[in-house]
Amino acid sequence: MRSTVRHHVWTLCLIITLLLPLGARAYALGSYTVMQNENWVNLAEEIGADALGDRLILLDFWTFCCINCIQAMPMVNQIHHDFADKLTVIGVHSGKFGNEKTPEPIRRAIARYGIDHAVYNDASFDVWKHYEVKGWPTLILLAPDGEIIWRYFGEAPYDAVAKAVTSAIDKYDGQIKAQPLPVKETVKSAGKESAYYYPSKIIALDKGGFALSDSGHDAIVILNSLGQEVKRYSGFSSPQGLAYDGAQNFLYVADTGNHQLKRINLKNDKIKVLIGRAAKRGPIVKGRAAKGVKSHLASPWDITFFDGQLIIANAGTHQLLSYDIARDKLSVFAGNGSESIDDGGYPQNSLSQPSALAVMGEYLYFLDAETSALRRVDRDGNIETMIGTGLFDFGHRDGGKDTARMQHPLGLAADATHNRLFIADSYNHALRLYDVHTGLLQTISGKAGQFGRGQMDTGNIRYHEPNDVMVLPDGQLMIVDTNNHRIVKLDPRGGKVAPF
């Protein structure tokens, strides 16, 4: 093994060198091809072919859709800062979905998650294959001579990474190049001063108001019926899902980055932690109901009320959890913890990063982002898949169950009057409609694969990773256009689009 990995830093330099001028030049070296200049996503200037030599390098293989990668980001960022004088951290973004292979969405992910180390776009998986990586996330530590000295698959604990880095620093003291790579700000500050920054989920309140998760600002915003900010609550970390109890005037919040469920008393503005200790933990086993305050969550992404319980889309463990608020009891509702797409009852059923919930009739509908699937579960926890077939089956195609495809959808709203569902098909930058009676999925707004802002009409509107959709009483739709840092209103009947 050792003989096959020696001098890999130099091979990596040749694979991802910045010496190439703009254009189509490429040089074949062995079985690898030098990649073009623009594949570095966030460097401020070109670097020479020897720029990565003589460095202690930590390669972080990630893709920005992956919940495990998202959960690992704070640790990787901390390692980067704690060992900045000796260690060079490089994020190798080997994107799973088509939307993750182009530079601009990666730049937005870099900004959203506060990444300030160098990131390389490994869209063709050349670096991934070279280091024989098997899954996301993977960490590989390279010695100054290019030899692999440590490898970890999965979410590595900080202490394990720090121990490996410290040991390597001690061993190679005096041989390590310490000059930092020229990382630029990219789009880190773009949009930061806007009213919302990477907003995610929205919900209706009493008297025509709304609550919005302003994820990039780590805040919950209360809006009036005209879209004007009334109040802002801080103390969250990348919050996502919201649920409202009008009788008590309580707003429940999935505090995703803190791995907690919180409750805001809108009468007195007090915030209470109900579940989670700001630390994630593995899957919950059915039959072991626990006190909520003593339990742990892992990236709760959405929440809603169903059959008298608060259901939590616990994306980090690929499960739906049921929380009895009155008894403060948390248990599994669906999902055995494995990442897959198995139907039926527990423990046979499996989920893949559930990210959106909506109740209609006797069913709780939900989106599994990693299988690009629309599914539903009944009150007994039995799951049926409506759209979606597997972890690597995605795209943009209208039609029925056997033909329709989505790409990492994150937003869901039920229109019970017409027995249909609206879907924010995030990585397709489109709004989709699913008819429960016919089982057909169709695109009603946005252009698949085309993101931006565009004109305010249904033919030219461009979204960028919309994260949520909500049906208003008059039939119009509220769309959270996340990467455009805005909310828009769409009339699906006439196609009129307007800012909110």
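Throughout, read-outs are computed from the coordinates displayed, never taken from laboratory work. The model shown is predicted, which means the values in this text are computed figures rather than measured ones. Methodologically, a virtual Cβ is constructed for each residue, glycine included, from the backbone with ideal geometry; neighbour enumeration extends over all protein chains shown.
Only the Cβ atoms of Lys and Arg (+1) and of Asp and Glu (-1) were treated as charged; on that basis the dipole of the chain about its Cα centre amounts to roughly 720 debye. Computed 3J(HN,Hα) for region 488-500, one whole-Hz value per residue from the Karplus formula 6.51 cos²θ - 1.76 cosθ + 1.60 where θ = phi - 60°, is 10, 10, 10, 9, x, 7, x, x, 6, 10, 9, x, 10, glycine and proline marked x. Which chymotrypsin sites (Phe, Trp or Tyr not before Pro) in region 341-398 pass both tests, a DSSP loop state and at most 11 other beta-carbon atoms within 10 Å? Sparse-neighbourhood loop chymotrypsin sites (Phe, Trp or Tyr not before Pro): PHE392. Across the chain, what fraction of all alpha-carbon pairs, as a whole percent, falls in each successive 20 Å bin from zero upward? Going out from 0 Å in 20 Å bins, the chain shows 23, 54, 22, 1 percent.
Counting neighbouring beta carbons within 10 Å and listing from fewest to most, the residues TYR120, TYR113 come out as TYR113, TYR120. A cut-off of 5 Å between modelled amide H atoms, ignoring neighbours fewer than 5 places along the same chain, links SER340 with LEU351, SER352. Averaged over residues, the count of other Cβ atoms within 10 Å places the peptides 439-447, 151-159 in the sequence 439-447, 151-159, highest first. The order of the peptides 302-308, 352-358, 422-428 by mean Cβ neighbours within 10 Å, most packed first, is 422-428, 352-358, 302-308. Taking the average, over residues, of other Cβ atoms within 10 Å as the packing measure, peptides 474-482, 411-419 rank 474-482, 411-419 from highest down. Can you give the relative contact order of the chain as a percent, counting alpha carbon pairs under 8 Å and 6+ residues apart? About 8 percent, as a whole number. Each Lys and Arg contributes +1 and each Asp and Glu -1, all at the Cβ; summed about the Cα centre of region 370-500, the dipole is approximately 340 debye.
Quick check on region 307-457: take the gyration tensor over C-alpha atoms, sort the square-rooted eigenvalues as a ≥ b ≥ c, and tell me if it's rounded (a/c under 1.5), prolate or oblate. Because a/c hits 1.5 or more and a/b exceeds b/c, region 307-457 counts as prolate. A cut-off of 5 Å between modelled amide H atoms, ignoring neighbours fewer than 5 places along the same chain, links TRP40 with ASN121.
May I ask which residue of THR317, TYR252, MET360 lies farthest towards the positive end of the charge dipole of region 202-499, with charges of +1 (Lys, Arg) and -1 (Asp, Glu) on Cβ and the Cα centre as origin? So the residue furthest toward the plus end is TYR252. Averaging Cα coordinates gives a centre for region 356-370 and one for region 43-101; these two points are 34 Å apart.
Shape class of region 202-499 from the Cα gyration tensor (axes a ≥ b ≥ c, square roots of the eigenvalues): oblate, since a/c reaches 1.5 or more and a/b does not exceed b/c. Helices in the chain, meaning DSSP H runs of at least 4 residues, each add -39500 (n - 2.57). Divided by all residues, the mean residue ellipticity at 222 nm is -3500 deg cm²/dmol. Here the contact order of region 202-499, divided by its residue count and restricted to Cα pairs under 8 Å and six or more residues apart, works out to 8 percent. Close amide-amide hydrogen proximity is noted between THR138 and PHE61, GLY154, each under 5 Å apart and 5 or more residues distant or on a separate chain (H modeled in the peptide plane; Pro and chain starts excluded). Of all lysines in the structure, the ones whose alpha carbon falls short of 17 Å from that of LYS177, not counting any fewer than 8 places away in one chain, are LYS86. Projecting the Cα atoms of ILE176, ILE222, ASN268 onto the charge dipole of region 145-281 (Cβ charges, centred on the Cα centre) puts ASN268 farthest toward the positive pole.
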